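Taking it in order: structure first as structure tokens, then the write-up.
Rule-based calculations on the coordinates, nothing more; no lab input. These numbers were taken from a predicted model, which means no experiment stands behind them. Cβ atoms come from the backbone with ideal geometry, glycine included; neighbour counts cover every protein chain shown.
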Amino acid sequence: KAGVADLRLGMTAERKSRVIIAVGSGKGGVGKSTLSANLAVAMHRLGRKVGLVDADIYGPSQPRLLLTEGRKPEAEDNKIHPIQSPWGVPMLSMGHLVQPGQAIAWRGPMAGNALGQLIDAHWGDTEIIVVDLPPGTGDVQLTMLSKHKPAGAVIVSTPQDLALMDATRAIGLFEQGKVPVIGMVENMAGYICPHCGEESDPFGVGGAEAAAKTMGLPFLGRVPLDMAIRRESDAGNPPAAGDSPQAEAFLSIARSVLA
Ligand code: ADP
């Protein structure tokens with residue numbers, strides 16, 4: 001698909017410039033932040049020099065997910081330095097710039113400004129910056145498209161109809177901005193009860209894959225609803241850094257994104 005080919009071009013040795021991969025979703029709570037963090041960690045495990053920017057002004061969760069909560073970036077020559085997470089992924093979050101809760105009052109221009117500080121930081125030899133966008137299609141997304149054009153976008157959705165409809169809108173935004181959509185990831189697909197082992201599908205399964213097919217987009221993989229993912233994520237241990245079957249799910253998605 002065009003998106004993937006473009007991304008490959010962006011990675012060639014002669015074009016040393018860094019590429020941005022945006023992770024978006026139509027609505028909140030579908031696992032966009034979880035996927036962004038684990039995609040970055042998985043790419044690091046695959047040998048890429050990858051950084052993470054948390055542009056979610058409404059609920060910056062990356063400092064918690066990657067264990068850098070409470071740290072403040074240092075500035076040099078009017079630019080900030082990324083914070084090194086323990087997972088091999090340097091990162092910067094809106095949450096590192098403000099006190100908890102403060103970000104919610106931000107207006108468009110301020111948010112755009114802050115996003116610029118995170119993206120134009122001292123990224124050194126980082127080749128890929130994964131950007132965790134806020135959900136939906138607001139100011140930060142527009143600033144991203146106009147000022148820090150991503151090489152490609154990954155869209156996360158649950159298999160649910162409503163989440164998928166919202167995802168379609170997010171895809172439209174990237175296509176309008178001429179950012180190739182690399183593909184879709186289905187999160188929270190299938191649930192295995194930790195007590196009885198019975199498999200159920202709280203949000204259905206396969207909806208995002210079917211939607212991707214309909215829209216002619218690559219399907220990058222699915223991540224099941226797994227209590228261990230939430231538990232480990234909350235503790236700042238990205239599952240992609242471990243050796244569970246879910247780590248393999250994230251590694252496989254990362255391989256598809258980089259393919
Ligand atoms: P978003 O960034 O889309 O708002 P999050 O990544 O913050 O969503 O996820 C919302 C909540 O769901 C978090 O508590 C997260 O740990 C949990 N979560 C996300 N994906 C999974 C999954 N596959 N299995 C279990 N819990 C998940």
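Tabulated data for the structure shown
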{"item": "Cα-derived Rg over Rh, computed across segment 25-124 with Rh taken as Kirkwood radius", "result": "0.95"}
{"item": "Cα pair count fraction exceeding 18 Å, expressed as % - segment 137-246", "result": "57"}
{"item": "Quarter of the Cα convex hull surface for the chain, i.e. its orientation-mean projected area (nm²)", "result": "13.2"}
{"item": "Distance violations [Cα-Cα > 26 Å] among K27/K147; K27/K79; K49/K213; K27/K49; K32/K178", "result": "K27/K79; K49/K213; K27/K49"}
{"item": "Cα→Cβ-extended label distance, 7 Å offset, between A259 and D125, nm", "result": "2.9"}
{"item": "Cα-based equivalent ellipsoid, segment 50-182: semi-axes from gyration tensor eigenvalues, Å", "result": "24, 16, 15"}
{"item": "Net charge contributed by nearby residues that have their C-beta within less than 14 Å of L67 (K/R +1, D/E -1)", "result": "-2"}
{"item": "At R0 = 35 Å, FRET efficiency that the Cβ-Cβ distance of E199 and L67 yields, to 0.05", "result": "0.65"}
{"item": "Inter-probe distance in nm under a simple model that places probes 7 Å from Cα toward Cβ, at K147 and Q84", "result": "2.9"}
{"item": "Computed E for R231/D161 - FRET, C-beta separation, R0 22 angstrom, nearest 0.05", "result": "0.20"}
